[in-house]
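Peer 1: The structure is given below, and queries will be raised subsequently.
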Amino acid sequence: MQNQMILTMFFLDEPLPELEVLAAPDWIINKPLLPDGEKQQRLSALHKPLADFTQQIVLNGKLPVSIAGDCCTTLGMLTGLQRAGRDPALIWFDAHGDFNTWETTPSGFLGGMPLAMMVGREEQTMPKAQALSPLAENRVILTDARDLDPGEKQLIEESDVIHLPDVKNLLNAMLPNGPLYIHIDMDIINPANAPAMNYLAAGGPSA
């Protein structure tokens, strides 16, 4: 199956136009003008075209591959997959859990909440804006997540999310049936192998 790349040139709702140098001529560039207003409203306006692109790519028989500046764009990707008739399980590669809620987050950072949003926990402003159907927790595999906030860690332990702290455990894991949506946050890379990851891995901006 042929890949179709989508580049979203934002970190949350902040434009990152310098990312466009990454794009090949056949990439789709997601850079809508965002409305004034509250951050989640602006993010939903960013995720909507991403969902539209993803849906059309799947219906055209191609595989959507998203490159973006933050993990919240997964809400748009999953929406597009669902609209195209796909019901994927999710493998979430990340040094963080992204499973915070407003009650557990020490920072209030929305980028630390998208996985919790995707399974229908608490903050649903952005999922509802896309009419996103929550994923069943037992169809989500969180792998690595070595840097968890205390309340987030408890939520994951109490949930049905499958947490594999060692990525190598995936080799012997029983994967959910059906298509897979694979999300990779590059902070999963061991900082010994990629020193540029040191800041996040050492506790730089908390997710």
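The values are calculated or read from the model by the stated rules, or taken from the named source; none is laboratory data. Quick caveat, the model's predicted, so the values are computed rather than measured. Note that we place each Cβ from the backbone using ideal geometry, even for glycine, and neighbour counts take in every protein chain shown.
Peer 1: Using the structure shown, decide if LEU46 is among the hydrophobic types (A, V, I, L, M, F, W, C), closer than 20 Å to ASP185 by Cβ and touching a residue at least 40 places away in the same chain (Cβ under 8 Å).
Peer 2: No: the conditions fail for LEU46.
Peer 1: Just need a number here: residues in segment 110-136 that are crowded, with 16+ Cβ neighbours inside 10 Å and of a type outside the set (Val, Ile, Thr).
Peer 2: Number of matching residues: 17.
Peer 1: Being in a helix (DSSP H, G or I) and either touching a residue at least 60 places away in the same chain (Cβ under 8 Å) or aliphatic (A, V, I, L, M) (or both) is the filter here, so list the residues in segment 142-175 that pass it.
Peer 2: LEU155, ILE156, VAL167, LEU170, LEU171
Peer 1: Pairs, please: C-beta under 6 Å, at least 6 apart or cross-chain, first residue in the same structural domain as ILE91 (by TED's automatic domain parsing) and over 25 Å from ALA173 (Cα atoms) and in segment 116-141, second of a type outside the set (S, T, N, Q) and surrounded by fewer than 21 Cβ atoms within 10 Å (Cβ to Cβ)?
Peer 2: none
Peer 1: OK, next. Would you pick out the residues in segment 108-164 that are β-branched (Val, Ile, Thr) and in contact with a strand residue (DSSP E or B) (Cβ under 8 Å, 6 or more places away or on another chain)?
Peer 2: Scanning segment 108-164 gives VAL119, VAL140, ILE141, THR143, ILE156, VAL161, ILE162.
Peer 1: Of a type in the set (Val, Ile, Thr) and in contact with a Phe, Trp or Tyr (Cβ under 8 Å, 6 or more places away or on another chain) - does that describe any residue in segment 183-198?
Peer 2: yes
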